[in-house]
1. Read through the list (1) over 28 Å from A:GLU245 (Cα atoms); (2) within 23 Å of the chain's Cα centre (by Cα); (3) assigned to a loop (DSSP other than H, G, I, E, B), then give the number of the only condition that A:GLU333 fails.
2. Can you tell me which condition A:VAL196 does not meet? The list is (1) of a type in the set (Val, Ile, Thr); (2) under 15 Å from the mean Cα position of the chain (by Cα); (3) surrounded by fewer than 24 Cβ atoms within 10 Å (Cβ to Cβ), and all the others hold.
3. Inspect the range A:176-192 for any residue being under 17 Å from the mean Cα position of the chain (by Cα) and either more than 10 Å from every other protein chain (Cβ to nearest Cβ) or in a strand (DSSP E or B) (or both) and give the result as yes or no.
4. Out of everything in the range A:243-271 that is within 14 Å of chain B (Cβ to nearest Cβ) and among the hydroxyl-bearing types (Ser, Thr, Tyr), what residue ends up being nearest to B:GLU176 (Cα to Cα)?
5. Considering only the range B:188-198, how many residues are more than 8 Å from every other protein chain (Cβ to nearest Cβ) and touching a residue at least 24 places away in the same chain (Cβ under 8 Å)?
6. Suppose we keep only residues that are part of a loop (DSSP other than H, G, I, E, B) and among the hydroxyl-bearing types (Ser, Thr, Tyr) within the range A:275-286. Which one would you say is farthest from the other protein chains (Cβ to nearest Cβ)?
7. Residues of the range B:12-24 being buried (at least 18 other Cβ atoms within 10 Å of the Cβ) and either of a type in the set (Val, Ile, Thr) or within 12 Å of chain A (Cβ to nearest Cβ) (or both), which ones?
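What follows is calculated from the coordinates using simple rules that are stated; it is not laboratory data. Remember, it's a predicted structure, so these values are computed and weren't measured experimentally. For neighbour counting, all protein chains shown are included, and Cβ atoms are generated from backbone atoms with ideal geometry for every residue, glycine included.
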Amino acid sequence: MAKAPARKTTEPAKTNRERPDEPKRYEASKEQLLEFYKQMLLIRRFEEKAGQLYGLGFIGGFCHLYIGQEAVAVGLQSALDGEKDSVITGYRDHGHMLAYGIDPKVIMAELTGRAAGISRGKGGSMHMFSTEKKFYGGHGIVGAQVALGTGLAFAHKYNEDGGVAMAYFGDGAANQGQVYESFNMAELWKLPIIYVIENNQYAMGTSVNRSSAEDQLYKRGESFRIPGIQVDGMDVLACRGAAEEALAWVRSGKGPIILEMKTYRYRGHSMSDPAKYRSREEVQSVRDKSDPIEQVKRELEEMKVSEADLKAIEAEIRKIVNESADFAEQTPEPDPSELYTDVLVESY
Amino acid sequence: MAIELKMPALSPTMEEGTLAKWLVKEGDTVKSGDILAEIETDKATMEFEAVDEGTISKILVAEGTDNVKVGTVIATIAGEGEDATAAPAPAPAAAPAPTPAPAAAEPAAGEDGGPKKADSGTKQLASEKAATVKDPAIPEGTEMVKVTVREALRDAMAEEMRKDPRVFVMGEEVAEYQGAYKVTQGLLEEFGPKRVIDTPITEYGFAGLGSGAAMGGLKPIVEFMTFNFAMQAIDHIVNSAAKTNYMSGGQMRCPIVFRGPNGAASRVGAQHSQNYGPWYASVPGLIVIAPYDAQDAKGLLKAAIRSEDPVVFLENELMYGRHFEIPKLDDYVLPIGKARIVREGKDVTIVSYSIGVGVALEAADKLAAEGVDAEVVDLRTLRPLDTATVLESLKKTNRLVVVEEGWPTCSIASEIAAVVMEQGFDDLDAPVLRVTNEDVPLPYAANLEKLALITADKVVAAVKKVTYKA
């Protein structure tokens with residue numbers, strides 16, 4: 001039987017400490033909701049296209065798609081202050097880049113390893129960065145971004161710039177030791193960080209309850225006195241609402257907070273994962289019942305957005321994605337002289 | 001315009017596959033995300049999802065067709081507002097014709113002079129070149145069977161697990177998933193969950209737990225999904241496992257095998273492509289093994305499991321699927337610390353290990369065509385290093401080139417050069433040359449990746465230099 005990923009099961013852990021308020025579902029205007037819809041649809045179509053280009057051999061190596069998890073990056077990042085706040089994530093990073101409004105062309109060109117790619121073709125799918133947007137990547141080793149994100153938060157506090165760091169990691173990474181070393185320091189030093197656990201239920205082929213003694217991951221901060229909130233990660237407005245609450249907590253100087261986003265990835269862990277550890281019915285059931293994009297589409301229809309308008313958006317997104325793919329296929333590879341550039345900053 | 005659905009590549013190395021099953025038929029309406037077909041490769045069955053919306057207008061490759069090349073058009077979709085039936089419909093009852101083999105398209109190969117599809121520099125690495133010198137320890141007339149390196153490793157573990165109940169395997173995805181690279185395939189079924197254990201993603205934790213279990217009298221095999229992830233655990237490998245016997249004055253042992261793929265894989269970028277051979281080989285107290293072919297993989301892994309010392313056993317993902325002949329013997333175990341001459345020659349010695357051996361053998365073939373007779377030495381064990389075999393070969397050839405799929409600085413190649421300087425100086429007629437990867441983090445872009453890795457041609461050029469033929 002399919003496990004509904006998005007059921008609201010939040011039961012505040014018993015505690016004698018101050019806790020954040022229960023987040024409210026964000027009340028979006030029609031324009032805002034349309035924007036969320038567009039962003040999520042862009043991620044979905046972009047990722048489907050990336051999967052297709054992988055199948056055609058244009059993309060090599062590992063390619064981890066974000067399909068199914070779109071609401072998380074879109075909902076959370078929409079609440080951030082783009083001037084101040086920073087974001088870091090693991091290797092499933094295309095969606096976070098797109099949610100920042102970064103040109104799909106330079107992302108797709110990175111996937112195909114071209115000079116026009118955002119890392120000049122040297123990083124690939126797992127290693128994309130935009131310091132301009134304060135997006136710090138794009139990291140390939142499970143859990144590493146949690147300690148790195150804690151360092152970004154340390155810098156925000158040190159510089160007194162008012163910024164908050166948001167560090168995304170998966171349910172698999174939640175078992176890495178450095179995560180807990182980071183939690184301890186973050187709370188000890190009251191660092192401004194939101195730990196976002198994107199719980200898509202499977203660490204590669206291992207389900208959460210096969211790998212986690214405490215599978216309610218939002219409770220993982222309790223012994224460090226870090227509060228946690230479990231959020232319906234398939235509902236973009238719930239994601240946005242939770243981000244607002246978490247930001248209020250962190251910005252008021254109360255230290256770190258954990259958001260456990262209950263979400264689901266439709267595809268395998270990476271393109272080469274046949275995903276035999278779960279049934280086709282399970283995936284289909286989530287798609288049918290809790291798809292984040294379909295959900296917003298229904299709400300938009302209730303807000304009297306016409307079918308023609310939605311179709312026009314779909315067509316526009318497909319055009320953007322197709323153009324990014326065409327660009328990524330045609331733009332040239334890096335110049336061979338780039339092999340030895342960027343190894344060090346200075347000359348010695 | 002009809003959209004063409006092409007046979008997808010489901011892994012960086014897949015070139016063809018079986019179209020196992022169609023889940024749609026002609027005339028069906030599909031939307032993105034719908035599963036269209038099941039495709040089988042040697043490793044797995046994968047689902048092929050629709051990206052475009054429309055109606056399946058034609059299925060061009062029947063289900064059950066084997067060896068469908070990546071890039072072959074397997075079906076067409078008519079887009080919205082397009083009449084699916086406008087395409088010349090096949091006779092209703094006729095089974096879809098199997099694809100004519102010659103129609104198999106070159107995978108996206110730069111039609112109209114456009115840019116070529118992404119390739120991988122690792123293609124120049126993985127070889128199936130076999131040793132031309134037989135292991136003298138194998139009795140004459142022994143039957144040889146062809147197996148992959150992957151199977152050889154699995155068989156080594158299974159045989160040792162049958163023999164010794166203290167041996168168990170632990171790691172990420174080793175049990176139910178059958179191994180991230182399918183090396184532990186079938187072990188869960190045979191030995192059960194007590195001895196084939198899926199761990200959470202906690203490398204530091206399970207490397208420590210494994211080391212402790214070894215101290216406590218068990219014989220763990222700890223699989224790292226790749227050695228890149230063992231960086232999280234290197235403290236236990238170096239500080240806990242390697243030094244225990246010494247620090248306890250020989251009282252406490254740590255007989256453990258840390259194994260998994262090492263070195264560059266195909267287009268996986270800088271954080272997933274490193275050769276840790278030189279790192280571990282510098283640590284006293286460790287045994288470090290890096291086999292090339294299936295025979296050595298099996299014989300040395302068995303020896304590693306039996307050893308009372310901690311062993312770092314470095315495999316190579318690009319070699320897992322390669323076939324080699326292996327002797328059909330009940331208990332094929334090789335000695336640790338012995339190099340092997342895999343090709344005899346008299347003009348130059350090429351020393352290498354792991355995947356570099358294939359590159360060296362290819363270079364030797366090219367050199368033979370030009371009249372240079374190269375001897376190829378496979379180190380097999382990096383610590384302890386079999387310097388005697390290297391020096392012996394040098395005595396014969398007086399020239400030496402080291403080939404290493406890894407960085408040049410503080411490498412095994414550097415070590416060999418130092419040993420030869422110290423102990424074989426009088427036998428040298430030319431300086432020792434190193435052929436290694438370029439001294440940069442491995443780039444993702446296909447063309448740069450190619451440039452960064454070793455090639456047989458680079459080896460040939462180095463040999464020409466030391467034989468003064470350049």
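1. All conditions are met except number (2).
2. A:VAL196 satisfies every listed condition except (3).
3. So far as the range A:176-192 goes, no, none of its residues is under 17 Å from the mean Cα position of the chain (by Cα) and either more than 10 Å from every other protein chain (Cβ to nearest Cβ) or in a strand (DSSP E or B) (or both).
4. Keep residues of the range A:243-271 that are within 14 Å of chain B (Cβ to nearest Cβ), which gives A:264-271.
Those left that are additionally among the hydroxyl-bearing types (Ser, Thr, Tyr): A:264, A:266, A:270.
On the way: A:TYR264: 20, A:TYR266: 20, A:SER270: 17 Å.
This residue is A:SER270.
5. Of the residues in the range B:188-198, 6 are more than 8 Å from every other protein chain (Cβ to nearest Cβ) and touching a residue at least 24 places away in the same chain (Cβ under 8 Å).
6. Looking at the filtered set, the residue picked out is A:SER279.
7. If the condition is that a residue be buried (at least 18 other Cβ atoms within 10 Å of the Cβ) and either of a type in the set (Val, Ile, Thr) or within 12 Å of chain A (Cβ to nearest Cβ) (or both), then B:PRO12, B:THR13, B:MET14, B:GLY17, B:VAL24 are the ones that fit.
Okay, residues lined up against (1) in a loop (DSSP other than H, G, I, E, B); (2) surrounded by 24 or more Cβ atoms within 10 Å (Cβ to Cβ); (3) in contact with a Phe, Trp or Tyr (Cβ under 8 Å, 6 or more places away or on another chain):
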{"position": "B:VAL359", "(1), (2), (3)": "no, yes, no"}
{"position": "B:GLU362", "(1), (2), (3)": "no, no, no"}
{"position": "B:LYS366", "(1), (2), (3)": "no, no, no"}
{"position": "B:GLY371", "(1), (2), (3)": "yes, no, no"}
{"position": "B:GLU392", "(1), (2), (3)": "no, no, no"}
{"position": "B:VAL403", "(1), (2), (3)": "no, yes, no"}
{"position": "B:MET421", "(1), (2), (3)": "no, no, no"}
{"position": "B:ARG434", "(1), (2), (3)": "no, no, no"}
